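Step one of this worksheet: look at the structure below.
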Amino acid sequence: MFGTYQHSQLRLETNASAQQLAAALTQTDQLRQWLWPQRLSQGLPQHLTPGLQFTSWTGPVAVQHQVEQLVPNGIRLTLSQGIDGFHEWSWGHGWVQSRLEGITLLPLNLGQTFTLLRLQAFLRQS
């Protein structure tokens, strides 16, 4: 893989409940809404499950995701192609945290910040 090793960890305070956050981060219909402009693979099940593989695209850049772990207050995704690394989400009542590490040419911190802002805006509308 080309690129540099990057890591970023961001935490966001929100008025959302742990159940709202879990739904936003594990239900594919909700993911499609707030992840825009990223696109997700077609034909995904309603809920993410361990072992599930899917692709997301930001413009022409594809990132392959595999759900490695799914627990009541967290999910860990292994990433490959556009980013070789992992993305961990954890959440609780009133907060969500994103930890991202990988080798890539993409600016991870910028993309992660934009993603969290999109999630925050989505949760305000819910």
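Throughout, read-outs are computed from the coordinates displayed, never taken from laboratory work. A quick note: this is a predicted structure, and the numbers were derived from the prediction, not measured. Positions of Cβ are generated from backbone atoms using ideal geometry, with glycine treated the same way; all protein chains shown enter the neighbour counts.
Computed over every Cα-Cα pair of region 1-42 and binned at 10 Å starting from 0, the pair-distance distribution P(r) comes out as 21, 36, 34, 9 percent.
The local environment of residue 9, defined by Cβ-Cβ distances under 12 Å, has a net charge of 0 under the rule Lys, Arg +1 and Asp, Glu -1. Quick check on the chain: helices-only [θ] at 222 nm, where DSSP H runs of length 4 and up contribute -39,500 (n - 2.57) each and the sum goes over total residues. Nearest 500, please. Value at 222 nm, helices only: -8000 deg cm²/dmol. Just checking the listed ones, 111, 59, 94: in the Gaussian network model of the chain with Cα springs under 10 Å, the one fluctuating most is 59. With the alpha-carbon atoms of the chain aligned to their principal axes, the span from lowest to highest coordinate is 39, 29, 25 Å, starting with the largest. Measuring r between the beta carbons of residue 62 and residue 33 and using R0 = 25 Å, the FRET efficiency lands at 0.75. Each Lys and Arg contributes +1 and each Asp and Glu -1, all at the Cβ; summed about the Cα centre of region 4-125, the dipole is approximately 240 debye.
Reducing region 79-126 and region 1-36 to their Cα centroids gives an inter-centroid distance of 5 Å.
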